[in-house]
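What follows is a short report on a single structure.
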Amino acid sequence: MLELRNVCKRYSGIPAVEDVSFSAQAGEVTGYLGPNGSGKSTTMKMITGLIEMSAGHIYFEGKPVHDDLIAYKRRMGYVPEEPYLYTHLSATEYLTMVAQLRDLPAKQASERIDAMLRIFGLHGDRHASISGYSKGMRQKVLLIAALMHNPQLILLDEPFSGLDVASSLVLRSLIQELAARGKVVLFSSHELDTVERISSRVVILHRGRLVADDSIENLRTLMKLPTLEQIFSQLAVEQDTDAMARQIADLIDA
Amino acid sequence: MHDLIEQLAARLPLDFRILYRQFLLRVIDLETLSIQADVTAFLGQFAGILIMLSLVHATFNYVGYTVFTDAAARFAFCQHMAHYQIATTMLVIGLVTVISWDSTFPDRRDVMVLSPLPLTPRTILLAKLCASTAVLGLAALSLNIASGLMMALLMGAQAGPAWGFIQSLPAWCFTLAAASVFLFGSVLTIQGVTALLLPRRIFLRVSAFLQLAAFGLFLGVYFVQPSLTDPTAMAAPENQLILGSSPSYWFYALFNQLDGSLPREFAWIADRAWIGLTVAVAGAAGSLLFCYVHTMKKTVEQPDLVPGAGGLHWAPAVGNQLQTAVTHFSLRSLTRSRQHRVAFAFYLAIVLGLALSLLRSELERQPEMSLEFVIATFLIILFAVAGLRNVFSLPISLTANWVLRTTQLRPSPDYVAATRRALLVIAAVPAWLLAASLSLHVRPTRQAAFHLAVLALAGCIVTESCLIGFYKVPFTCSYLPGKANIQVTFWGFLIVLLVLIVPCAEFELRALQSPLKSCFMIAALAATLAALFAFNQWSAKDAAIYFEETPEEVITTLGLSV
């Protein structure tokens, strides 16, 4: 189980994440939602250890992750929000480097990389420089890098970004399959429909604070709203979206 | 003057002015120098350094001229300095051209961004060309602003103070402008012809190697070519090949021709300058026109994905998994990133220049161990290792560093060991092998073997010295803007080592005569190496691998208390 207790992050005193507490269970898919700038990616980065918390604690399987960060990182796989890669390397070179950094046995790593590149449809372009890859192809490389060492904790920040329909469907099933095999899966996405389909529970963040943490079923019942989109709109969207659209169109016409 | 320039600039079309400014910012790859570098400040500093160099040259020329009393010696001195300045200007222009390698031809980004806009290829071409020539012009002008005037004065003084100056100054200016245009045009022609002959994906690969080759060629020729300004040397049959193939001598002859002081028998050298200039200008014009008329359209049709080489993908292990990962990453970054390649090529060119000059002098004399040989081989190792360490500090993609941070599964000494391995594999071992091949003809063989053992230990010591305080993965750390003191420290460190090398080399030569001293030297070097190694391992234990430099914490007293 991954557990966050009273986690805060402030930049020069300005809060980005305030007093966030929630847990993600093994065997479940936890959806992590929030509008742009709500602190989702900041929380993800704190969970991965990329940035330090200003306050609070993060536990994985009951132990504070900072007590043995190396052991924690061994068991974690992470797909970041943006597909930032060393673009001067090819997919094979990049993935081999990650495998080496993760100390995977060379033969096992090579076999897994080769097989996963085939499954994700990148095998033909495996020796091409990543700089020429589309966003979707880069996203696939990130997914392979995050999963090839069989992590227990899987953190996915916008994993569907740039993927085509077929790949999105595969990833959707893969996330459910991984959870079914006892992994802890926390993923953030703006695709509410996808989140609604595959998540067991959702955590919603707004302006750095937690505004909901429950199963989708419970939220529907509590808020008396039929869809996650409506729940999300009520909790985290402040603007009148139709009015905004009209305003933009008027501005162009003027 | 500023207002006049502004008024003139305002008459130019707006789209041209905007593009020109944008292209000017991109002529020099600023990331080579600093992540947040400012182009105006950079160009100002660049010009400032060259003007300072020009003042030094001018002073040296004047002092040198006054030292000689007879006319023949003064004339010989002026001729020697004229060639030196032409060669130096050509070197600087050549290096600027290499650094701004891809800036004159539109790249894929230019095509994708500018094609949908209502701009003609002609406007883009002119803006690009003006931006490139502006930087080259700035370099040529700054480097000759004082020394050029002094050279014209001194050369003119041979023919008479006033008339001579009036004749020499335009000749000097034209020669330098022609030499600069020749170099710039030659590079454009080579790029254009290669782009024309090769498919784009192969051209992109070849272009990188051409850039390196040009860099090495400019530096190598500058350092290796002999001075042949004396008429006797110029007339010697064995020197005709050098005179006929070295562009700096072509333009030196051209200057003398324009100045009216070139003997008739050397006119053929000046003719080569005219021919070279014509070919370079025509080739560059053709290449540019072809590129903007044909290649720009083709670029849009090229597939985004350039297939990788389908052949050999041999990547041998060079230690444990982490060491192999860091070494391979370093090697790939070095060979595939233009800015890193150019930065490392600077050091490699010095190494190559040293090796070539050593080879030349060694072949001419007895095969004994000499002080020059010992010093030169030390320098080869020193520049290769210290140069690579300096290039390691330039980040390649800061945004992608997250992967190294989330996979940081080993303690810091392991990362230091991995960086050590990369320095040894990429720089120290190849440099040692180069030195070993140069030592092949040294006799007795025992001396050569002893020197190579010393050199191996010295290479390891330089490697360990470079690792002091270096707790980062190569090519991954951002440095704070304005951290010029890193470069100052680096060069200071290098100068101290250079000063140390001479006594060390002398000691080694003495040690060669006595087995006891030889053993002592090896033991002392091994002990130094062991101490440095232990120090690095010990200090790395408590260090954290860092990916960005943090500013030093400063406590400022506000002085509010009474």
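The values are calculated or read from the model by the stated rules, or taken from the named source; none is laboratory data. Note that the structure is predicted; figures quoted are calculated from it, not measured. Neighbour counts run over all protein chains shown; Cβ positions are idealised from the backbone, glycine included.
Take the residues in region B:119-150 that are out of contact with any Asp or Glu (no Cβ under 8 Å at 6 or more places or on another chain) and assigned to a loop (DSSP other than H, G, I, E, B), then tell me which one is nearest to B:VAL281 (Cα to Cα).
B:THR120
Quick one: which helices (runs of 4 or more DSSP H) lie wholly within region B:365-448 and hold at least 1 residues that are within 14 Å of another protein chain (Cβ to nearest Cβ) and either within 25 Å of the chain's Cα centre (by Cα) or surrounded by fewer than 16 Cβ atoms within 10 Å (Cβ to Cβ) (or both)?
Counting at least 1 such residues, we get B:412-423.
Answer yes if at least one residue in region A:67-89 is farther than 21 Å from A:VAL195 by Cα, of a type in the set (S, T, N, Q) and away from every other protein chain (no Cβ under 13 Å), and no otherwise.
No - not one qualifying residue is present in region A:67-89.
Here are A:LEU147, A:LEU156, A:LEU142: which of them is surrounded by fewer than 19 Cβ atoms within 10 Å (Cβ to Cβ), hydrophobic (A, V, I, L, M, F, W, C) and within 20 Å of A:GLY49 (Cα to Cα)?
Among A:LEU147, A:LEU156, A:LEU142, only A:LEU147 is surrounded by fewer than 19 Cβ atoms within 10 Å (Cβ to Cβ), hydrophobic (A, V, I, L, M, F, W, C) and within 20 Å of A:GLY49 (Cα to Cα).
For region A:72-114, which residues satisfy the criterion of being without any contact (Cβ under 8 Å) to a residue 40 or more places away in the chain, part of a helix (DSSP H, G or I) and among the charged types (D, E, K, R)?
Once the filter is applied, which keeps residues that are without any contact (Cβ under 8 Å) to a residue 40 or more places away in the chain, part of a helix (DSSP H, G or I) and among the charged types (D, E, K, R), region A:72-114 yields A:LYS73, A:GLU93, A:LYS107, A:GLU111, A:ARG112, A:ASP114.
Only one residue in B:ALA157, B:ALA179 is assigned by TED's automatic domain parsing to the domain that holds B:LEU91, in a helix (DSSP H, G or I) and within 30 Å of B:LEU204 (Cβ to Cβ). Which one?
After applying the criteria, what remains is B:ALA179.
Identify, from the list A:ARG201, A:ARG197, the residue that is at pLDDT below 90 and farther than 20 Å from A:GLU81 by Cα.
A:ARG197
Of these, A:ARG201, A:ARG246, A:ARG209, which one is in the same structural domain as A:CYS8 (by TED's automatic domain parsing), touching a strand residue (DSSP E or B) at 6+ places or on another chain (Cβ under 9 Å) and surrounded by fewer than 17 Cβ atoms within 10 Å (Cβ to Cβ)?
A:ARG209
In region A:113-144, what residues are in contact with a strand residue (DSSP E or B) (Cβ under 8 Å, 6 or more places away or on another chain) and either closer than 19 Å to A:VAL165 by Cβ or of a type in the set (Gly, Ala, Ser) (or both)?
A:ALA128, A:SER129, A:GLN139, A:LEU142, A:LEU143
Determine the pairs where a residue that is facing chain B (nearest Cβ under 9 Å), located within region A:124-147, has a partner that is among the charged types (D, E, K, R) with Cβ atoms under 6 Å apart, the partner being 6 or more residues away or on another chain.
A:GLY132/B:ASP304
Among the candidates B:PRO161, B:PRO170, B:PRO121, which residue alone is surrounded by fewer than 18 Cβ atoms within 10 Å (Cβ to Cβ) and modelled with pLDDT of 85 or more?
Exactly one of B:PRO161, B:PRO170, B:PRO121 is surrounded by fewer than 18 Cβ atoms within 10 Å (Cβ to Cβ) and modelled with pLDDT of 85 or more, namely B:PRO170.
Suppose we filter region A:18-68 for residues that are more than 13 Å from A:VAL184 (Cβ to Cβ), assigned to a helix (DSSP H, G or I) and out of contact with any Ser or Thr (no Cβ under 7 Å at 6 or more places or on another chain); how many remain?
Of the residues in that region, 8 qualify.
Examine region B:137-148 for a residue that is surrounded by 17 or more Cβ atoms within 10 Å (Cβ to Cβ) and hydroxyl-bearing (Ser, Thr, Tyr), and state whether such a residue exists.
yes
Please tell me if B:GLN36 is surrounded by 14 or more Cβ atoms within 10 Å (Cβ to Cβ), out of contact with any helix residue (DSSP H, G or I) (no Cβ under 7 Å at 6 or more places or on another chain) and at pLDDT below 80.
Criteria not met by B:GLN36.
Mind counting the residues in region A:1-29 that are closer than 17 Å to A:HIS206 by Cβ, among the hydroxyl-bearing types (Ser, Thr, Tyr) and within 16 Å of the chain's Cα centre (by Cα)?
Adding up the residues that qualify gives 0.
Give just the number: which of (1) within 12 Å of another protein chain (Cβ to nearest Cβ); (2) on the phi > 0 side of the Ramachandran plot does A:ASN150 not satisfy?
Tallying (1) within 12 Å of another protein chain (Cβ to nearest Cβ); (2) on the phi > 0 side of the Ramachandran plot, A:ASN150 fails exactly one: (1).
Name the residue that is farthest from the other protein chains (Cβ to nearest Cβ), counting only residues in region B:294-322 that are under 15 Å from A:GLU93 (Cα atoms) and modelled with pLDDT of 90 or more.
Looking at the filtered set, the residue picked out is B:LEU322.
Could you please find all residues in region A:24-76 being modelled with pLDDT of 90 or more, surrounded by fewer than 17 Cβ atoms within 10 Å (Cβ to Cβ), polar (S, T, N, Q) and closer than 15 Å to A:ARG209 by Cα?
Answer for region A:24-76, where residues must be modelled with pLDDT of 90 or more, surrounded by fewer than 17 Cβ atoms within 10 Å (Cβ to Cβ), polar (S, T, N, Q) and closer than 15 Å to A:ARG209 by Cα: just A:SER54.
So, of the residues in region A:90-121 that are within 7 Å of another protein chain (Cβ to nearest Cβ) and charged (D, E, K, R), which turns out to be nearest to A:HIS149 (Cα to Cα)?
The residue in question is A:ARG102.
So that you can scan it fast, the table gives a plain yes or no per residue for (1) on the phi > 0 side of the Ramachandran plot; (2) modelled with pLDDT under 85:
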site	(1), (2)
B:PRO444	no, yes
B:ALA456	no, no
B:THR463	no, no
B:GLY469	yes, no
B:ALA484	no, yes
B:LEU509	no, no
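Are any residues in region A:42-63 more than 14 Å from A:ASN6 (Cα to Cα), of a type in the set (Gly, Ala, Ser) and touching a residue at least 40 places away in the same chain (Cβ under 8 Å), and if so, which ones?
Once the filter is applied, which keeps residues that are more than 14 Å from A:ASN6 (Cα to Cα), of a type in the set (Gly, Ala, Ser) and touching a residue at least 40 places away in the same chain (Cβ under 8 Å), region A:42-63 yields only A:GLY62.
Restricting to region A:115-157, name every residue that is part of a helix (DSSP H, G or I) and not aliphatic (A, V, I, L, M).
Matches in region A:115-157: A:ARG118, A:HIS123, A:GLY124, A:ASP125, A:SER131, A:GLY132, A:LYS135, A:GLY136, A:ARG138, A:GLN139, A:LYS140.
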